Structure formats: C-alpha cells, structure tokens
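Data block below; observations after.
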Amino acid sequence: MNLAVIGYGGMGSYHVKTLIPEQNPGVQVVGIYDIDPTRQKEAEKNGLQVFPDLETLLADKKVEAVLIATPNDSHKELAIASLKAGKQVICEKPVAMNVADLDEILAVAEETGNTFMVHQNRRWDPDFLIIRDLYRQKQIGDLFQIESRVQGANGIPGDWRHLKQHGGGMILDWGVHLFDQMLFLVDSPIKDIAVDLSFILGDEVDDGFIVYLTFEDGLRSLIEVGTTNYTKLPRWYVKGIKGTAKIDDWDLSGEIIASAENAYAAAPAPIQAGVGLTKTMAPPSEDAVEVLSFPEAKAEYPTFYENFAAVVAGQAEPIVKNAEVRRVMLLIEKIFELAEEEATSLNL
Ligand code: NAD
C-alpha cells in the first residue's frame, strides 16, 4: 500500500523512520506534504517526494492511504478531504477536537466506505500489557484500584500545544493515551468522574490533571499527567485483593508483591515510625508475602500497521475501533465540562 504523510513533524517523521519499517506491513511511504518549508527540505534530504500542496497529494492516484500527523485542530478537515478523495486514512490522536467533529468524519468514512483508523499506539505499550494481563488473569486477584501516571518536568512542549485553538493542553495530549488505555482495559461503564486540571505554568490550556474514574463494577482509577514533576511517582500502581503491583517506568522496573496466603505467617512486629510506633504500617513478615514476576507483556493482536493493512483489505476488524475512540472523546468532553463548572467554596 502506498501511503503519504500529511504533517512531517515530530510524529509524522517517526512513523516514516521507525513505526512503518519496524512493523513492516507492506506499506511504502511515497511522499509527504507539510506547510513548513524547513520540514519539506528535511523530507527531501531524506529522499522523500514532497507534494507541493494538499490537492496534488490527494489527486495522485498512486497514493492509496494517508497518515495525518498535524496539530490537533486540523485533523477533521484533512481527514474529510482525504476520505472524499478516496484515500484510506490513519489519523493521529486525538482524533478531533470534540465529538461533533468526530461524527462528521465518521459520517464521511461511512459514506465513502473507506477505512478511518486512529493511531492509539499505546495499546501496544509493554507496561500497559502487563497491567492488562493482571486485570484479566487475576494474578493478584480482582483489581480494585488502578493508578496510571505520566510525569515530567519539562512543561508543555513545542508551540501549538500551548494554544487552545490548536487543541493544546495535556488532556488532549497524554490524556488521550491514558484514557484510551483505561477504557480499553476496564470492562465496565464509567459511573462517576472527578476532575482537577492544573494551570501551574500560566498557559491557557491545562498543563496537567488528575482525573478519577469510578466504574459501575466498583473499580476505581486515578489518571494523572504532570509536566512540573521534578521527581515522579510510578507509571502504574495497582491494587488487587491479593496483592499490589507497581511499574516504575517504561523500562518495566517495579515489583509485584502478593499475599502468600500463609495461615502460619508471623504477625508483623511493630516498627518505629517517626516519633511513634506502628503495627498497621509495618512491612508484612517475610512468610506472609511472595514476590511475583511480571507476566510476559505481549499483545495478542497484530501491530497497528499490520492491522490497518488487513482492515483495508477487508480481512480484519480494526483493533482501534471508532466507537472506542468516540467513547474517549465523550469522556474528554465531560472532563472539560466538569472543569468549567463553578467551584463552590466550603470556606471551612
Ligand atoms: P509537530 O508540531 O512536531 O508536527 C506537526 C507538523 O504538521 C509540522 O511539521 C507542521 O508544519 C505540519 N502542519 C501543520 N499544519 C499543517 C497542515 N494543515 N498541512 C500539512 N502540514 C501541516 O507535532 P507532532 O508532535 O508531530 O504532533 C502531530 C500530531 O501527532 C498531533 O495530533 C499529536 O497529538 C500526534 N502525536 C501522537 C503521538 C503518539 O504517540 N501517537 C506522539 C506525538 C504526537
């Protein structure tokens, strides 16, 4: 399949250089279109054809598919034009700025019969796949609390990510990944949401947030993104009724400690804690717990591009389904709505 890239910036060029070659799906990149002359020069330097404008790219019969990797506010217009020109479309996340825009895209996809798939690549992250395995295989029993965090100290990167009009802010950036993972993972509807957006850096868009989701089946999750964290909390902290798992980082450092269910285990001895004594917070005695190794982190589904090629060929269902992408967008709309609501002051 011949694919052209619209938006040859950080992510567009990563698709060309790394994702497509690594996933080896029988997709060739035939060229790019970018409005920035320096990116056009870079593409030429890398041996890629540079389309002079969008119309020329879309009119070119050899281009069967496009990847849209431009700032968030331009996805809708580019997706609709590409679908109408008969192209199969991959769109970077977030798919659009809101549900209404997404619905317009999906209506055109339906009308044209062309494939439209969103690149929710973090469904393939090894750390996520470990948590998914714990959720499904219950190595530490049923999970009742899942904390998913990414934290950095570099503020909001780049230029357009600072601006509302371009769909900037962390909810629409890392938030999309973490919400997508959580909703793909948990097999229960959301019952309740609590939201805390942060504006520490003084931008017009959120530079981080904490969102609590409570699911109908009782599971609670905390999703946090921070860009002013000079030291960070673990990527995942997960509690099951028989143990606790912690994945510190993408290098998969961390541990799983499970109850050994040893009836003869000695009660923990009290420890000195600050200027007091505690038995409650003392570490469990050694024979009361066991250390489990992380389950093998493998997706049972093919890579994103392999799946895309199979979907276009009519041989597979998409792994990233548009209905799932729409549910994440609905959640994001709800989060923004809750964040806007006037806070009442308890003045306690
Ligand atoms: P970027 O600013 O590095 O690149 C965007 C490029 O698009 C720039 O080169 C810009 O000149 C070009 N551009 C802007 N408007 C255009 C238009 N109308 N037509 C053609 N080109 C245009 O941004 P980025 O970090 O590469 O992000 C691009 C998209 O990829 C965003 O939607 C972002 O959320 C997404 N992204 C996804 C992941 C992921 O892991 N899936 C990671 C990073 C970025």
Legend entry - Label-zone membership for the range 241-261, site A282, 7 angstrom Cα→C-beta point, backbone N under 19 Å: 259-261
Inset, instruction - Heavy atoms only, probe 1.4 Å: what % of the accessible area of the range 222-273 goes to carbon and sulfur, would you let me know? - result: 55 percent
Legend entry - Karplus 3J(HN,Hα) series, Hz, for the range 107-121 with 6.51 cos²θ - 1.76 cosθ + 1.60 (x for Gly, Pro): 5, 5, 4, 4, 4, 8, x, 8, 6, 10, 10, 9, 7, 8, 5
Legend entry - the chain, Rg to Rh (Cα coordinates; Rh as Kirkwood inverse mean 1/r): 1.03
Inset, instruction - Just round it to a whole percent: the fraction of Cα-Cα distances in the range 199-274 exceeding 16 Å. - result: 71 percent
Inset, instruction - Quick one: which residues, 5 or more positions from D249 or on another chain, have an amide H under 5 Å from its amide H? H modelled 1.01 Å from N in the peptide plane, none for Pro or chain starts. - result: R235
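Which whole-number percent gives the relative contact order of the range 195-279, counting Cα pairs below 8 Å spaced six or more residues apart? Don't jump to the answer; show the numbers that get you there.
Working: 101 pairs, mean separation 11.2, N = 85.
RCO, the range 195-279: 13 percent.
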Inset, instruction - Report the calculated FRET efficiency for R122 and T56 (r = Cβ-Cβ distance, R0 = 45 Å), to the nearest 0.05. - result: 0.85
Inset, instruction - List the residues whose amide H sits under 5 Å from the amide H of V29, counting only those 5 or more places along or on another chain, with H placed 1.01 Å from N in the peptide plane. - result: L3
Inset, instruction - Note down the net charge around A258, summing +1 for each Lys or Arg and -1 for each Asp or Glu among other residues with Cβ under 15 Å from its Cβ. - result: -3
Legend entry - Radius 14 Å from Cβ of P37, net charge of other residues (Lys, Arg +1; Asp, Glu -1): -2
Inset, instruction - Apply the Karplus parameterisation 6.51 cos²θ - 1.76 cosθ + 1.60, with θ equal to phi minus 60°, to every residue of the range 88-94 and state each ³J(HN,Hα) to the nearest whole Hz, in sequence, with x for glycine and proline. - result: 7, 10, 10, 10, 5, 7, x
Legend entry - Longest DSSP-loop-exposure-free segment, GluC sites (Glu not before Pro), the chain, at most 15 other Cβ within 10 Å: 1-203
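So if I average 1/r over every pair of distinct C-alpha atoms in the range 274-348 and take the inverse, what Kirkwood radius in Å does that give? Walk me through the intermediate numbers first.
Values: mean 1/r = 0.0525 Å⁻¹.
Roughly 19.1 Å, rounded to one decimal.
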Legend entry - Coordinate range along principal axes, alpha carbons of the range 63-157, Å, largest first: 50, 34, 27
Legend entry - Paramagnetic label zone (point 7 Å from Cα along Cα-to-C-beta, E300; backbone N under 18 Å) in the range 108-128: 123-128
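Which translational diffusion coefficient, to the nearest whole µm²/s, is obtained for the range 138-229 from the Stokes-Einstein equation, given a Kirkwood hydrodynamic radius over C-alpha pairs, 37 °C and 0.692 mPa s? Could the numbers behind the result be given before it?
Numbers: Rh = 14.0 Å.
Diffusion coefficient, whole number: 235 µm²/s.
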Inset, instruction - Report the one residue of L83, V16, F144 whose Cα lies farthest in the direction of the positive end of the charge dipole of the chain (charges on C-beta: Lys and Arg +1, Asp and Glu -1; origin at the Cα centre). - result: V16
Legend entry - Shape box of the range 1-126 [Cα atoms, principal axes, largest first, Å]: 39, 39, 26
Inset, instruction - Starting at the first residue of the range 256-269, write each ³J(HN,Hα) from the Karplus equation 6.51 cos²θ - 1.76 cosθ + 1.60 with θ = phi - 60°, in whole Hz, x for Gly and Pro. - result: 10, 10, 10, 5, 7, 6, 9, 4, 9, 4, 5, 5, x, 7
Inset, instruction - DSSP loop (so not H, G, I, E, B), at most 16 other Cβ within 10 Å: list which trypsin sites (Lys or Arg not before Pro) in the range 73-179 pass both filters. - result: K138
Inset, instruction - Note down the nm distance, to one decimal, between modelled labels 7 Å out along Cα→Cβ at D142 and at S345. - result: 4.3 nm
Inset, instruction - Within the set of other residues whose C-beta is less than 12 Å from the C-beta of A100, count the net charge using Lys and Arg as +1 and Asp and Glu as -1. - result: -2
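The values are calculated or read from the model by the stated rules, or taken from the named source; none is laboratory data. These figures come from a predicted structure and were not determined experimentally. Because the Cβ atoms are built from the backbone with ideal geometry, glycine has one as well, and the counts that use them run over all protein chains shown. These accessible areas exclude ligands, DNA and RNA; they are computed on the full protein's heavy atoms, side chains included. Shrake-Rupley method; radii C 1.70, N 1.55, O 1.52, S 1.80 Å.
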